[in-house]
Amino acid sequence: MNSTAHIQTTQASRIAKRLLNHWKHKFNVVENASQYQIMMPSATILLTPQTHKLVVEIQAKDAETDLSYLEQVVLDHLSRMGQTELNAVWQQH
């Protein structure tokens, strides 16, 4: 199972980079020119900054992963990193 959200923001790159730096002490991370990856024990978080939005994908590693919980944790942390309340409509697939 995966979950994806398109979060409207003009600060997508800055917010994604701050979250990567925040979590790199806890989890393995990968950064390249177009995407940030955060490898949690139960899921991989992909952050893809675009011009007016941040595309966030949570890739669960197994069926027991609580995607709804991770969606809230990721959104809460992104809001903290952006110092503004962000909204997301998650689509599980």
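The values are calculated or read from the model by the stated rules, or taken from the named source; none is laboratory data. Being a predicted model, the structure only gives us computed values, none of them experimental. Cβ coordinates were reconstructed from backbone atoms using ideal geometry, including for glycine residues, and neighbour counts include every protein chain displayed.
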Return yes or no: is Asp62 modelled with pLDDT under 95, outside any strand (DSSP E or B) and not hydrophobic (A, V, I, L, M, F, W, C)?
yes
Could you please find all residues in segment 67-88 being within 12 Å of Leu19 (Cβ to Cβ) and part of a loop (DSSP other than H, G, I, E, B)?
Leu86
Scan segment 23-57 for residues that are of a type in the set (A, V, I, L, M, F, W, C) and farther than 21 Å from Gln91 by Cβ and report the count.
6
Expected single match for of a type in the set (A, V, I, L, M), buried (at least 18 other Cβ atoms within 10 Å of the Cβ), out of contact with any Cys (no Cβ under 8 Å at 6 or more places or on another chain) and touching a residue at least 40 places away in the same chain (Cβ under 8 Å) among Leu67, Leu54 is Leu54
Within segment 39-62, how many residues turn out to be farther than 15 Å from Ala12 by Cβ and either among the hydroxyl-bearing types (Ser, Thr, Tyr) or within 12 Å of the chain's Cα centre (by Cα) (or both)?
7
Please go through segment 27-49 and pick out each residue that is part of a loop (DSSP other than H, G, I, E, B) and surrounded by 13 or more Cβ atoms within 10 Å (Cβ to Cβ).
Phe27, Gln35, Met40, Ser42
Considering only residues that are part of a strand (DSSP E or B) and hydroxyl-bearing (Ser, Thr, Tyr), look in segment 1-26 and name the one that is surrounded by the most Cβ atoms within 10 Å (Cβ to Cβ).
Ser3
